Amino acid sequence: MLPAVISPPRIAPSILAADFARLGEEVQRVEPYVDLLHIDVMDGHFVPNLTVGIPVITSLRKVTALTFDCHLMMTNPDSYFRPLRGAGADLVSVHVEVFPEPTRVAAQAREEGLLFGLALNPPTPFEAVEPFLELCDLLVVMSVHPGFGAQTFIEATLDKVERARKFIDSHGLRTDIEIDGGIGLDNVARVRAAGVDVFVAGNAVFGAPDPVSAVQAMRGALET
Ligand code: DX5
Ligand code: ZN
C-alpha cells in the first residue's frame, strides 16, 4: 500500500510531459496540489524510447519531498534498485512482461527499502498479475502502449481495472490500482468509477497552459 498521507484518489503527474530544462521548477509548482510524482524510466530496449535515470532522480530529490513513483520500463530494472533507492526513489514498478514470476524481484525491491509495483501492458491479461497482487503495493494498469506520452486512452483497459478492483477487495488486499496513460479531465471520473486509486497524468498536467489549474480541475472531477 502507498503511504497513507492522503487517501485515494491520488494524482501522480508524470514528468515525461514536463519541460526538462526547467524540471525542478515544474515539479515544485505542482507539488502542493499532487500526491505522488510519476517518473518514467525507459531503457530503449523494453520500449523504443529513452528518458531519465539516476542523476535526474538524484537532482529532483533535492527539490521536492513528493513520493517518487518510478515506473521502470526496462528489461533489467532489478540491477538498478539499489542506486534508485540511493537517489531517492520510494516505489519501483516493474513489468510483468519482463518478470512473469515476480516473487523474487518483489522481495529484492523490499530488501532495498522500496515499495513494489507491478505494471501490465494493454495486451497482457489480468490473469498474468492476479496470483501476485498480494506482493504488490501498486498495480499499474497501462492504458496506452508504454513508451510515449500524450497517446489516446485505450478503453478496453477498464475491464482489467474492474477485475482488479473486485479481486483486491474480495481478498482484502491493500494493493492500490494506478492507471497510466491517456488520462485527462474527459475520462478521469469514469476511470475512478471503475476502481482506480492513483491517476497518472503527463500531458494533461504538464502539457496544460496552467498545470496547477489542470490538477485542480481533475481533483474536482474526481470528487464529484
Ligand atoms: C507511457 C508512460 C506514461 C506517460 C503518461 O509509457 O508510462 O506514464 O507519461 O503520459 P500521458 O498522461 O501524457 O498519457
Ligand atoms: Zn508511466
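Here Ala107 qualifies as among the hydrophobic types (A, V, I, L, M, F, W, C) and over 23 Å from Arg10 (Cα atoms).
Taken over the range 192-202, the residue count meeting the criterion of being farther than 16 Å from Ile39 by Cβ and surrounded by 23 or more Cβ atoms within 10 Å (Cβ to Cβ) is 1.
The residue that is nearest to Thr75 (Cα to Cα), counting only those in the range 3-48 that are away from ligand 2 (no atom under 15 Å from the Cβ) and hydrophobic (A, V, I, L, M, F, W, C), is Phe20. Scanning the range 190-209 for residues that are more than 16 Å from ligand 2 (Cβ to nearest atom), in a loop (DSSP other than H, G, I, E, B) and at negative phi, which turns out nearest to the chain's Cα centre (by Cα)? Of everything passing the filter in the range 190-209, Ala208 is nearest to the chain's Cα centre (by Cα). Residues of the range 14-28 that are out of contact with any Gly (no Cβ under 6 Å at 6 or more places or on another chain) and buried (at least 16 other Cβ atoms within 10 Å of the Cβ): Ile15, Ala18, Leu23, Glu26, Val27.
Val105 - would you say it is more than 16 Å from ligand 2 (Cβ to nearest atom) and of a type in the set (A, V, I, L, M, F, W, C)? The answer is yes for Val105. Looking across the range 95-122 at every residue that is more than 16 Å from the chain's Cα centre (by Cα) and of a type in the set (Val, Ile, Thr), the one that is nearest to Val140 (Cα to Cα) is identified as Val98. Say we look at the range 49-71 and pick out the residues that are surrounded by 15 or more Cβ atoms within 10 Å (Cβ to Cβ) and of a type in the set (D, E, K, R); which of these is farthest from Phe148 (Cα to Cα)? Looking at the filtered set, the residue picked out is Arg61.
Scanning the range 138-189 for residues that are more than 16 Å from ligand 2 (Cβ to nearest atom), surrounded by fewer than 23 Cβ atoms within 10 Å (Cβ to Cβ) and among the small types (Gly, Ala, Ser) yields a count of 4.
Give the residues of the range 112-154 that are touching a Leu at 6+ places or on another chain (Cβ under 9 Å) and of a type in the set (S, T, N, Q), sorted by residue number. Across the range 112-154, the qualifying residue is only Ser143. Give all pairs with beta carbons closer than 9 Å in which a residue from the range 207-224 that is surrounded by 12 or more Cβ atoms within 10 Å (Cβ to Cβ) meets a residue that is at pLDDT 95 or above and of a type in the set (Lys, Arg); count only pairs at least 6 apart in sequence or on separate chains. From residues that are surrounded by 12 or more Cβ atoms within 10 Å (Cβ to Cβ), the pairs are Pro211/Arg29; Val212/Arg29; Ala221/Arg192; Leu222/Arg192. Of the residues Val52, Val41, Val34, Val56, the single one that is under 16 Å from the mean Cα position of the chain (by Cα) and farther than 28 Å from Leu222 by Cα is Val52.
The values are calculated or read from the model by the stated rules, or taken from the named source; none is laboratory data. Everything numeric in this text was worked out from a predicted model, so none of it was measured. Positions of Cβ are backbone-derived with ideal geometry, glycine not excepted, and every protein chain shown enters the neighbour counts.
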